[in-house]
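Following: one structure in structure tokens, then a few remarks.
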Amino acid sequence: MGENITLPKVTKEFLREHGIRIKKRLGQNFLIDEGILNRIVEVANLSKDDIVIEIGPGMGTLTKKLAEKVKKVLAIEIDENLVKLLKETLKSYSNIEIIHADILKINLKRLVTQLSSYPVIQLKEQANWQTGKLANKVKVVANLPYYITTPIIIHLLKAREILSNIVIMVQKEVGRRMVAKPRTKDYGALSLLVQYYTRPQITVKVPRSAFLPEPEVDSCVVDLEVREKPAVEVKDEELFFKVVRAAFEQRRKTLKNALSQTKDLRLSKKKVLEILEKADVKPLRRGETLSLEEFARLSNLIAGE
Ligand code: SAM
């Protein structure tokens, strides 16, 4: 499958020759460091049973490496010019499907369930899907377009039941926020969202020189291992995230003020004080000091009101 094909090296000359203009607004920074590409594939720990979703295949450098390891790659690219190029350069790979779409508009669960009609996907998966359990869940592996990192993570987490791992290149600071612990400057709503649903780990540090064109920031690869069930028990997830957002909206506010001044929650100061006492959380503490467990306790008490 495609063994004789060598993909063009992504260089400025190559881009010029093919009339490809880099679109900054689409977050197009192509990964040109072979060593880093190999490390991403290594971190993703792929096998021949795996189905991989790649967001933004770009010139297909990572796509090709993924396809050599797995059963199927679904590569979703928004840029029509790149889609045309990919369909040409990757045509000998029967296990790569190039999908011209905006990742944020794709229903990933539907996309994967429809796969059962492809000969390459075995019935085993289809059967297990119907019982709600995919034998081999899908992995996401991608060098993300940074301008929509958080919307993509939220979109992926909504489809978490079909995903086992999300291995993504993100801006270094965003990676740090994902793994941050309480009482650090990086700890915030993103840390809680990611740690509630997954076990995040920074796996590869990537300098800006690994990309063409060079972005203005350094990057890292994070591996989000999707949890079978969330890290803590929460009665009302929507309310839980409202509480988290309220606590971090103005980081320097005490919880007493942050929670009572948020219109979203509609709680009087008196009520907030009562709840904080029941949750054993001091009212003068700030959101950034609260653990996932404490946020869960707090929101479960509010839910019971
Ligand atoms: N995978 C390639 C690599 O590593 O060299 C390209 C990565 S580049 C950082 C991000 C890619 O995402 C670009 O190809 C860009 O066109 C694509 N992209 C941007 N917004 C997108 C969206 N909403 N849906 C799908 N792809 C998108």
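Suppose we filter Leu111, Leu85, Leu123, Leu104 for residues that are assigned by TED's automatic domain parsing to the domain that holds Phe30, at pLDDT 95 or above and either open to solvent by 50 Å² or more (accessible area, probe 1.4 Å) or within 16 Å of the ligand (Cβ to nearest atom) (or both); which single one remains? Working first, answer last.
Values: Leu111 fails: at pLDDT 95 or above; Leu85 fails: at pLDDT 95 or above; Leu123 fails: at pLDDT 95 or above.
Just one listed residue meets the conditions, Leu104.
Rundown of residues vs (1) open to solvent by 40 Å² or more (accessible area, probe 1.4 Å); (2) outside any helix (DSSP H, G or I); (3) in contact with a helix residue (DSSP H, G or I) (Cβ under 6 Å, 6 or more places away or on another chain); (4) not assigned by TED's automatic domain parsing to the domain that holds Val174, yes/no style:
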site	(1), (2), (3), (4)
Ser209	yes, no, no, no
Val222	no, yes, yes, no
Val243	no, no, yes, yes
Lys263	yes, yes, no, yes
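When you look at Lys139, is it at pLDDT 75 or above and not in a helix (DSSP H, G or I), yes or no?
Yes, satisfied.
What are the residue pairs meeting all of these: first residue in the stretch 184-203, first residue more than 16 Å from Thr289 (Cα to Cα), second residue acidic (Asp, Glu) and surrounded by fewer than 19 Cβ atoms within 10 Å (Cβ to Cβ), Cβ atoms under 8 Å, and 6 or more apart or on different chains?
Taking only residues 6 or more apart or on different chains, the pairs are Thr198/Glu225; Arg199/Glu225; Pro200/Glu225; Gln201/Glu225.
Could you check the stretch 31-66 and list, in sequence order, the residues that are aliphatic (A, V, I, L, M), within 26 Å of Asn107 (Cβ to Cβ), within 13 Å of the ligand (Cβ to nearest atom) and part of a helix (DSSP H, G or I)? Show your work before the answer.
First, pick out the residues of the stretch 31-66 that are aliphatic (A, V, I, L, M): 31-32, 36-37, 40-41, 43-44, 46, 51-53, 55, 59, 62, 66.
Subsequent filtering for residues that are within 26 Å of Asn107 (Cβ to Cβ) retains 40, 44, 46, 51-53, 55, 62, 66.
Of the ones still in play, those that are also within 13 Å of the ligand (Cβ to nearest atom) are 40, 52-53, 55, 62, 66.
Those that are aliphatic (A, V, I, L, M), within 26 Å of Asn107 (Cβ to Cβ), within 13 Å of the ligand (Cβ to nearest atom) and part of a helix (DSSP H, G or I): Ile40, Leu62, Leu66.
The values are calculated or read from the model by the stated rules, or taken from the named source; none is laboratory data. Being a predicted model, the structure only gives us computed values, none of them experimental. In this analysis, Cβ positions are derived from the backbone assuming ideal geometry, glycine residues included, and neighbour counts consider all displayed protein chains. When the accessible area is computed, the model is the full protein with side chains, heavy atoms only, and any ligands, DNA or RNA have been set aside. Shrake-Rupley method; radii C 1.70, N 1.55, O 1.52, S 1.80 Å.
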